[in-house]
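Everything below concerns the one structure shown next.
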């Protein structure tokens, strides 16, 4: 992540709406004094009443003739435009005006997922941390207020709601203006360190940390074979050759990398647990991407949902940030559901790739897409987000029966994938993600030994 520096996110002026002017209670009090004093004094012939009401009348007339709506200039900037989930970013609000704006109060409505921290004499934070009020007088010079904002939840945030309130010098009129400021801020999902990663059936030709099943140059011993003309003499195993059965040479496993494609299901259903399921899927994908890139694998990404988004597998830290960037915007890719028929393009998945799917397996089109990939011969592993643990408990007999039928249907889907040689483990978010990855790795080793 980039270090905190002023103006990293850029300064963004706000889009202002019309100014609404209202009279205050003081205006009514001044008007009452003016009417009673002047008219009553003239009617009763009491000059002292006229003397009391005349100043109030003069103030009202002066205010009506000279008061103009304020024109403050507000600019909003963020100290960083890309942060990790849980980090704090400083939101800086700059206010200036050509003429004094007494009692200016700015209310900032932060979107869900961002929360202000702390408070001071000029900054008041609401109980939920999402409503921030700033009270500051402005008189021709700039005033800057920095608000520390904690990024509670990952996502791509763009627009902040502002409301400006002020009064005139006499307090007879109040002015209110609604505005919005565009402040791009991307909060990347947090990454968890994984103790174990998945190994593909076939490796690629790039140098990495995986032992290839093939024989070649490497450090890991594979087997002995008889010497053949052209073999490097440095590979001769003299201890085995000394037994008098001819010359024997060592063979090794070369160190290779793999292509890993993460397939994330972001489709929207009618269930209330959609957001929780997507949070778990994005967190799992971020952890897998970081772990496999650290192992020098090439990692790609496919997002299935309302529309199909994919990234070709690549290496280096730049790919990590690009994957996190796409994951942070995965809510925008969501639709009412995946299309009835969905096929992942051939160019999105290189040959001999390991596809790791993270999905609640609720959308039939997504389930069919996984089955299609396996049918095309790709190496597939699945982590199922256990959405039934997040769903509310049924409160009627009919709902309980429907839930039992639904659970049986889900068991049928799992058995179908197991029969096709796909290792599947469930994860509910309460236990570490390492457990689910370890279960998938164990099932894959068992299937390889049994010939799947």
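Please tell me if residue 20 is assigned by TED's automatic domain parsing to the domain that holds residue 97, surrounded by 15 or more Cβ atoms within 10 Å (Cβ to Cβ), touching a strand residue (DSSP E or B) at 6+ places or on another chain (Cβ under 8 Å) and at pLDDT 80 or above. No: the conditions fail for residue 20.
For segment 381-400, a tally of residues being part of a loop (DSSP other than H, G, I, E, B) and modelled with pLDDT of 80 or more returns 2. Looking at segment 71-91, is at least one residue loosely packed, with under 14 Cβ neighbours inside 10 Å, in a loop (DSSP other than H, G, I, E, B) and at pLDDT below 85? Within segment 71-91, one or more residues are loosely packed, with under 14 Cβ neighbours inside 10 Å, in a loop (DSSP other than H, G, I, E, B) and at pLDDT below 85. Selection of segment 230-248 for residues being loosely packed, with under 10 Cβ neighbours inside 10 Å, under 59 Å from the mean Cα position of the chain (by Cα) and not in a helix (DSSP H, G or I) yields 230, 232. Selection of segment 430-440 for residues being under 20 Å from residue 278 (Cβ atoms) and either free of Cβ contacts under 8 Å to residues at least 12 places away in the same chain or exposed (fewer than 13 other Cβ atoms within 10 Å of the Cβ) (or both) yields 430, 431. Look at residue 384 and say whether it is over 26 Å from residue 259 (Cβ atoms) and touching a helix residue (DSSP H, G or I) at 6+ places or on another chain (Cβ under 8 Å). No, not satisfied.
The C-beta contact set for segment 163-178 (first residue in the same structural domain as residue 109 (by TED's automatic domain parsing) and surrounded by fewer than 17 Cβ atoms within 10 Å (Cβ to Cβ), second residue at pLDDT 85 or above and in a loop (DSSP other than H, G, I, E, B), distance under 8 angstrom, 6+ apart or interchain) comprises 171/24. Scanning segment 176-214 for residues that are part of a strand (DSSP E or B) and modelled with pLDDT of 65 or more yields a total of 13. Scanning segment 441-452 for residues that are in contact (Cβ under 8 Å) with a residue 60 or more places away in the chain and more than 17 Å from residue 193 (Cβ to Cβ) yields 444, 448. When we screen 64, 60, 32, 39 for residues that are farther than 30 Å from residue 319 by Cβ, part of a helix (DSSP H, G or I), within 52 Å of the chain's Cα centre (by Cα) and at pLDDT 80 or above, the only hit is 64. Note on segment 408-429: residues that are modelled with pLDDT under 85 and surrounded by fewer than 13 Cβ atoms within 10 Å (Cβ to Cβ) amount to 0.
The values are calculated or read from the model by the stated rules, or taken from the named source; none is laboratory data. As the structure is a computational prediction, the values presented were derived from the model and not from experiment. Don't worry about glycine lacking a Cβ; one is built from the backbone with ideal geometry, like all the others, and counts go over all protein chains shown.
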